[in-house]
Amino acid sequence: MSPDADVSASDAPKARRSEASVPEKRGRRRNPGGKLGIFITCVTVFLSLFHLYTSAFGLLPAMQQRSFHITFVLFLIFLLYPATNRSRIDRPTLIDWLCAMAAAACSFYIFLMYKEIAQRAGMHTSWELYLGTTMLVLVFEAARRVLGYPLPLFCSFFLLFAYYGRSMPPLFRHFGLSIPRIIEELYLTTDGLFGLVAGVSATYIFLFILFGAFLSSTGTSMFFNDFAMALTGHKKGGPAKIAVVSSALMGTISGSTSANVATTGAFTIPLMKKIGYPAYYAGAVEAAASTGGQIMPPVLGSAAFILADSIGVPYIRVVSASLVPALLYFWGIWCCLSLEASKLNLRGLDKSTLPTVSGVLLQNGYKSLPLFVIIYFLVRGYNPLYSACWGIGTCVVLSFIRREDRLNLKTLIATLEDGSKSALSVAVACTLVGVVIGMMGATGIALRIGDTILSYTAGRLMPTLVMTMGIALLLGMGMPTTASYVMASAVAAPALILIGCKALDVHLFVFFFAVLSSVTPPVCVGAYTAAGIAGASPNKTAFVALKMALSGFIVPFVFIYSPELLLPNVQNWFTFIQSLITALVGVFILSTAIEGYLLDAMSLPERVLAFGAALGMIVPGWKSDLSGLFILGLLYAVARRRIARSSGSQPSGLK
């Protein structure tokens with residue numbers, strides 16, 4: 001076996017880890033043993049079985065489904081996540097137990113009393129105000145333990161904004177909400193903590209995270225890694241391209257950037273460093289590629305389910321809309337890698353040491369069947385919950401084909417436990433974001449912000465898009481994608497819809513930039529995770545990852561100006577193909593500007609010219625398209641002439 005194969009094999013256990021093992025969190029997570037460990041396992045398995053049962057046989061009424069889900073989420077968070085870095089890591093403290101039981105009791109009260117609460121039509125008791133206040137405080141604390149300070153601090157501003165409305169500047173002034181009114185809105189209605197976002201967490205998100213846990217436990221992630229190695233390992237800069245392909249494939253089952261980095265980066269980063277890529281560059285490639293996993297169908301990031309519910313479209317429509325933009329994003333990274341490999345004259349891995357595509361497919365190709373099962377049911381019009389149930393069932397059946405992948409009782413329990421633990425970080429973020437949504441709805445500030453944006457941009461499309469992008473990136477700093485998407489879409493999306501953009505296009509635009517915040521400095525969780533694996537400078541890794549993902553910042557503008565690139569908008573396939581070719585060429589030109597290389601090193605004026613041509617191809621029209629192609633041809637001719645004048649070195653093309 002080759003040394004390269006040894007790298008892959010030694011890291012196989014790491015690559016098998018599911019999202020469960022790498023939740024996007026700030027604090028440490030306890031892993032208690034003994035009787036407490038058995039108790040935690042029982043609770044997590046019960047939570048997974050509850051979601052499987054309700055998705056297969058029918059959901060509970062909205063308030064009951066959400067409150068039951070949140071009851072167990074908060075209970076587990078206080079037991080599994082220490083309050084501070086100095087807290088006990090081996091077992092929960094008395095304070096942890098008190099917080100866990102209090103939070104569970106406050107949420108379970110809604111589960112028991114939801115009919116009576118609904119019949120009272122807004123009337124509340126003093127007892128419910130105490131319960132609501134307690135739960136609100138505990139939700140903030142749970143989010144702080146799991147996600148750190150940024151999201152709780154941001155959401156607390158909306159509480160202050162709601163209460164001090166009369167003291168706000170004229171632009172944001174409103175009548176102000178009393179404390180009882182705030183608690184009632186957040187605790188006793190479906191507009192706050194138990195709102196739409198929490199509802200998506202209690203249904204789609206949980207089940208698809210559980211689906212990812214089943215795929216990982218049956219070795220699907222290793223199949224993706226082996227397939228990527230067989231497909232691209234021998235090409236120029238092969239290990240970097242393995243990272244792109246494997247991250248794209250892992251993105252089909254994992255909606256977490258950090259989980260994607262950890263599962264694929266465990267073996268791709270060492271391989272990239274082995275053939276000559278600097279450590280920071282290897283980490284940056286993995287971070288940029290793994291970020292794209294959240295926009296890769298059929299299982300996109302958690303926010304995609306919220307997107308579908310928010311605008312009332314079938315999830316399969318969101319999936320089909322994201323396909324071309326996702327491919328353009330990965331095409332941009334692929335071009336950058338090919339140009340960088342040519343510039344550094346890096347070779348691929350020895351083909352004789354790599355598996356063959358046919359061999360990988362024949363041996364393990366069946367492991368991808370659950371993905372096709374989900375796609376089949378989604379296309380046939382079934383809801384995502386029912387589709388995910390069939391996907392999980394298919395995983396269980398297929399696991400019996402090979403002994404080493406077989407799900408016995410022990411591994412089945414471990415998978416159910418991992419699925420529940422993986423969902424905690426997303427679930428608490430969805431619950432806390434309900435504060436923002438509830439307060440924006442109660443004060444009516446969302447539409448006023450949209451009007452303000454339009455007043456500054458005078459209703460022009462490009463300035464409005466740029467301002468929306470800035471809001472999404474700003475809100476995404478240090479926050480989960482789900483939270484940043486929900487807040488950015490509530491604040492900025494109405495302005496774009498008012499000037500005539502389609503709701504799906506707008507929300508996909510916001511979703512893209514919420515995802516890209518994972519590699520946008522100064523706070524970029526995905527890049528920092530990759531830097532830790534690579535042993536590189538976090539900041540240097542982050543800025544190079546940002547450069548690698550730059551095409552992703554252009555693609556959303558492209559599909560807003562050329563909506564026919566989104567498959568649900570296609571009316572003329574000739575126009576679609578023309579737009580797709582233009583977009584592919586534009587992304588390639590942008591990559592040459594980013595890397596400063598086209599057959600040979602480019603001068604600064606040439607890079608500026610290429611960058612301008614790439615930006616010009618955003619605007620649809622044959623004039624801008626021909627101009628971009630002309631500039632590309634001109635740059636190519638200049639590079640060929642420069643090479644001909646040199647010492648006779650042969651140009652290296654895109655491979």
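Overview of values
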| item | result |
| --- | --- |
| Subset of region 82-101 (residues that are free of Cβ contacts under 8 Å to residues at least 40 places away in the same chain and either in a helix (DSSP H, G or I) or not small (Gly, Ala, Ser) (or both)) | Thr84, Arg86, Arg88, Thr93, Leu94, Ile95, Asp96, Trp97, Leu98, Ala100, Met101 |
| Qualifying positions in region 357-402 - over 26 Å from Ala308 (Cβ atoms), among the aromatic types (Phe, Trp, Tyr) and part of a helix (DSSP H, G or I) | Tyr366 |
| Any hit, region 210-228, residues being more than 30 Å from Ile242 (Cα to Cα), buried (at least 20 other Cβ atoms within 10 Å of the Cβ), in contact (Cβ under 8 Å) with a residue 12 or more places away in the chain and not hydroxyl-bearing (Ser, Thr, Tyr) | no |
| Lys547 being assigned to a helix (DSSP H, G or I), among the charged types (D, E, K, R) and touching a Phe, Trp or Tyr at 6+ places or on another chain (Cβ under 9 Å) | no |
| Condition broken by Ala20, with the remaining ones in (1) modelled with pLDDT under 90; (2) among the aliphatic types (A, V, I, L, M); (3) surrounded by fewer than 16 Cβ atoms within 10 Å (Cβ to Cβ) satisfied | (3) |
| Verdict on Gly633 being assigned to a helix (DSSP H, G or I) and within 16 Å of Tyr561 (Cα to Cα) | no |
| Matching entry among Gly165, Gly148, Gly192 (being on the phi > 0 side of the Ramachandran plot and of a type in the set (Gly, Ala, Ser)) | Gly148 |
| All positions within region 159-189 that are free of Cβ contacts under 8 Å to residues at least 60 places away in the same chain and part of a helix (DSSP H, G or I) | Leu160, Tyr163, Arg166, Ser167, Pro170, Ile179, Pro180, Ile183 |
| Selected residue [closer than 27 Å to Leu416 by Cβ, out of contact with any strand residue (DSSP E or B) (no Cβ under 9 Å at 6 or more places or on another chain), not basic (Lys, Arg) and not in a helix (DSSP H, G or I)] from Leu112, Leu79, Leu60 | Leu60 |
| Test: Ile205 is among the β-branched types (Val, Ile, Thr), modelled with pLDDT of 90 or more and out of contact with any strand residue (DSSP E or B) (no Cβ under 8 Å at 6 or more places or on another chain) | no |
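Yes or no, residue by residue, for (1) within 15 Å of the chain's Cα centre (by Cα); (2) surrounded by fewer than 23 Cβ atoms within 10 Å (Cβ to Cβ); (3) not polar (S, T, N, Q):
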{"site": "Gly312", "(1), (2), (3)": "no, yes, yes"}
{"site": "Leu323", "(1), (2), (3)": "yes, yes, yes"}
{"site": "Glu340", "(1), (2), (3)": "no, yes, yes"}
{"site": "Asn345", "(1), (2), (3)": "no, yes, no"}
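Let's see how each residue does on (1) in a helix (DSSP H, G or I); (2) crowded, with 22+ Cβ neighbours inside 10 Å; (3) aliphatic (A, V, I, L, M):
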residue	(1), (2), (3)
Gly500	no, no, no
Ala514	yes, yes, yes
Val585	yes, no, yes
Thr592	yes, yes, no
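The values are calculated or read from the model by the stated rules, or taken from the named source; none is laboratory data. Quantities reported herein were computed from a predicted structural model and do not represent experimental measurements. When we count neighbours, we look across all protein chains shown, and the Cβ atoms used for this are built from the backbone with ideal geometry, even at glycine.
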